[in-house]
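Note sheet for the following structure.
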Amino acid sequence: MILFDWGTYNAFSKLPIAAALGTKLTEIPPYDLARRSRGEDYFQQYREFASKAFTTITAHAPYYNVVSTNKYVQEKTVKALMAAVRKARIAGAEVFNLHLGWRAYMDHRDLEAAADVLRRLAEEAGEGMLISVEVPYTRRMLGLWDEVKALREMVGEDRLIVSVQLENAWMLETGASEHGDFEQANAMADEAFWTNILRRTLELSHGFLSLRFSQVIGFALGRRILKKRVPLGKGYPDIEPLARALARFMVKEVREKELPLRMHLIYTGIPETKYRDTITLYAEVMKEAVRYLS
């Protein structure tokens, strides 16, 4: 039994490379699900190859704001997301992941509207696929921890889970998305910090413990602090304390307690270095895990 599935996003043409490198997971990228030129045949071929080469197939929704005050925009968004779920189902995805995006109403209506969309996506996905929601890096976006908990209660805890983009959680919990001091935030992210993030993830999980990671740098756009993904080793947060926390948590808190969860770690960095960085991330975690598995 493997400790966790690992891999990155791949278009169909890149699946042979990912498989040859030994990755255990592949994710259908957002642009594949958004392109009209990608018909059912494309996703059927994706499934035929990926189901033989990988243990897990996931899908990442196109980047749309799930909630809008404009009725026309809202309807277009839901239609596009429903189409993306159908394509993901054809491709054999077991998890359909999405960002909820920026708040629209700035009150309870945001969560209610998001819940309505997620219910429809879960119904379209069917029993063979979970919907996962990412925790954002700023409170200006939907999907905070307590909001994911509320959404799970509204949609169904067996249908909706959290998917934690770890650098997002780091920016959110350290306040880096507000003050922009990534050095200060990096100093806060020790092993105990990451263990707390993983425990919160576990509380909002079902079937899968879903994790993602890339390093980032920050930049200001007006009053907002935004993130930019960079190659592994070129940004924040540091990987070493994260790898230690991941290794211990996966072995001691999930595997040894025989929790009914499949864990996965998806590298989400820039395309130019994603395969090298995916392998590096996996190796860093497993170098720590071997201490607990020996």
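The values are calculated or read from the model by the stated rules, or taken from the named source; none is laboratory data. Model, not experiment: these values are computed from the prediction. No Cβ is skipped: glycine too gets one built from the backbone with ideal geometry, and neighbour counts run over all protein chains shown. For the accessible areas, the whole protein counts, side chains as well, though only heavy atoms, and no ligand, DNA or RNA atoms are used. Shrake-Rupley method; radii C 1.70, N 1.55, O 1.52, S 1.80 Å.
Can you tell me which of 273, 278, 201 is part of a helix (DSSP H, G or I), in contact with a strand residue (DSSP E or B) (Cβ under 7 Å, 6 or more places away or on another chain) and either farther than 24 Å from residue 148 by Cβ or charged (D, E, K, R) (or both)?
Among 273, 278, 201, only 278 is part of a helix (DSSP H, G or I), in contact with a strand residue (DSSP E or B) (Cβ under 7 Å, 6 or more places away or on another chain) and either farther than 24 Å from residue 148 by Cβ or charged (D, E, K, R) (or both).
Identify, please: which residue in the range 1-44 is β-branched (Val, Ile, Thr) and farther than 28 Å from residue 253 by Cβ and is, among those, nearest to the chain's Cα centre (by Cα)?
Within the range 1-44, the first condition is being β-branched (Val, Ile, Thr), and the residues that meet it are 2, 8, 17, 23, 26, 28.
Right, trim to farther than 28 Å from residue 253 by Cβ and you get 17, 28.
Numbers: 17: 22, 28: 12 Å.
The residue in question is 28.
Residue-by-condition table, conditions (1) touching a Pro at 6+ places or on another chain (Cβ under 7 Å); (2) surrounded by fewer than 18 Cβ atoms within 10 Å (Cβ to Cβ):
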position	(1), (2)
80	yes, yes
89	no, no
105	no, yes
109	no, yes
121	no, no
141	no, no
161	no, no
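State whether the residues of the range 194-210 include one that is of a type in the set (D, E, K, R), touching a helix residue (DSSP H, G or I) at 6+ places or on another chain (Cβ under 9 Å) and open to solvent by less than 60 Å² (accessible area, probe 1.4 Å).
Of all residues in the range 194-210, those of a type in the set (D, E, K, R) come to 199-200, 203.
Pick out the ones that are also touching a helix residue (DSSP H, G or I) at 6+ places or on another chain (Cβ under 9 Å) and you get 199-200, 203.
Retained after the next criterion (residues that are open to solvent by less than 60 Å² (accessible area, probe 1.4 Å)): none.
Checking the range 194-210: not a single residue is of a type in the set (D, E, K, R), touching a helix residue (DSSP H, G or I) at 6+ places or on another chain (Cβ under 9 Å) and open to solvent by less than 60 Å² (accessible area, probe 1.4 Å).
Quick check on this structure: which one of 180, 222, 218, 175 is farther than 22 Å from residue 10 by Cβ, touching a Phe, Trp or Tyr at 6+ places or on another chain (Cβ under 6 Å) and of a type outside the set (S, T, N, Q)? Talk me through it step by step, then tell me what you get.
Numbers: 180 fails: touching a Phe, Trp or Tyr at 6+ places or on another chain (Cβ under 6 Å); 222 fails: touching a Phe, Trp or Tyr at 6+ places or on another chain (Cβ under 6 Å); 175 fails: touching a Phe, Trp or Tyr at 6+ places or on another chain (Cβ under 6 Å).
Testing whether each residue is farther than 22 Å from residue 10 by Cβ, touching a Phe, Trp or Tyr at 6+ places or on another chain (Cβ under 6 Å) and of a type outside the set (S, T, N, Q) leaves just 218.
Inspect all residues belonging to the range 35-45 and state whether any of them is touching a helix residue (DSSP H, G or I) at 6+ places or on another chain (Cβ under 8 Å), surrounded by 19 or more Cβ atoms within 10 Å (Cβ to Cβ), more than 25 Å from residue 114 (Cα to Cα) and not charged (D, E, K, R).
Within the range 35-45, one or more residues are touching a helix residue (DSSP H, G or I) at 6+ places or on another chain (Cβ under 8 Å), surrounded by 19 or more Cβ atoms within 10 Å (Cβ to Cβ), more than 25 Å from residue 114 (Cα to Cα) and not charged (D, E, K, R).
Tell me, yes or no, whether the range 231-243 has at least one residue that is of a type in the set (Asp, Glu) and either farther than 17 Å from residue 282 by Cα or not in a helix (DSSP H, G or I) (or both). Step through it out loud before you land on a result.
Filtering the range 231-243 down to residues of a type in the set (Asp, Glu) leaves 238, 240.
If we keep only those that are either farther than 17 Å from residue 282 by Cα or not in a helix (DSSP H, G or I) (or both) as well, we get 238.
For the range 231-243, residues of a type in the set (Asp, Glu) and either farther than 17 Å from residue 282 by Cα or not in a helix (DSSP H, G or I) (or both): present.
Look through 73, 95 and report the one residue that is open to solvent by less than 10 Å² (accessible area, probe 1.4 Å) and hydrophobic (A, V, I, L, M, F, W, C).
Values: 73 fails: open to solvent by less than 10 Å² (accessible area, probe 1.4 Å).
The unique qualifying residue is 95.
For the range 56-70, which residues satisfy the criterion of being within 20 Å of residue 9 (Cβ to Cβ) and buried (at least 16 other Cβ atoms within 10 Å of the Cβ)?
56, 57, 58, 59, 60, 61, 62, 64 - these are the residues of the range 56-70 that are within 20 Å of residue 9 (Cβ to Cβ) and buried (at least 16 other Cβ atoms within 10 Å of the Cβ).
Which helices (runs of 4 or more DSSP H) does the range 88-192 wholly contain that include 3 or more residues that are over 26 Å from residue 243 (Cα atoms)?
By residue number, 108-125, 145-155.
Restrict the check to the range 239-252 and report whether at least one residue is over 30 Å from residue 13 (Cβ atoms), modelled with pLDDT of 95 or more and exposed (fewer than 15 other Cβ atoms within 10 Å of the Cβ).
Yes, that holds for at least one residue.
Residues of the range 211-229 being in contact with a helix residue (DSSP H, G or I) (Cβ under 9 Å, 6 or more places away or on another chain) and either of a type in the set (A, V, I, L, M) or open to solvent by less than 20 Å² (accessible area, probe 1.4 Å) (or both), which ones?
Those that are in contact with a helix residue (DSSP H, G or I) (Cβ under 9 Å, 6 or more places away or on another chain) and either of a type in the set (A, V, I, L, M) or open to solvent by less than 20 Å² (accessible area, probe 1.4 Å) (or both): 211, 212, 213, 214, 215, 216, 217, 225, 226.
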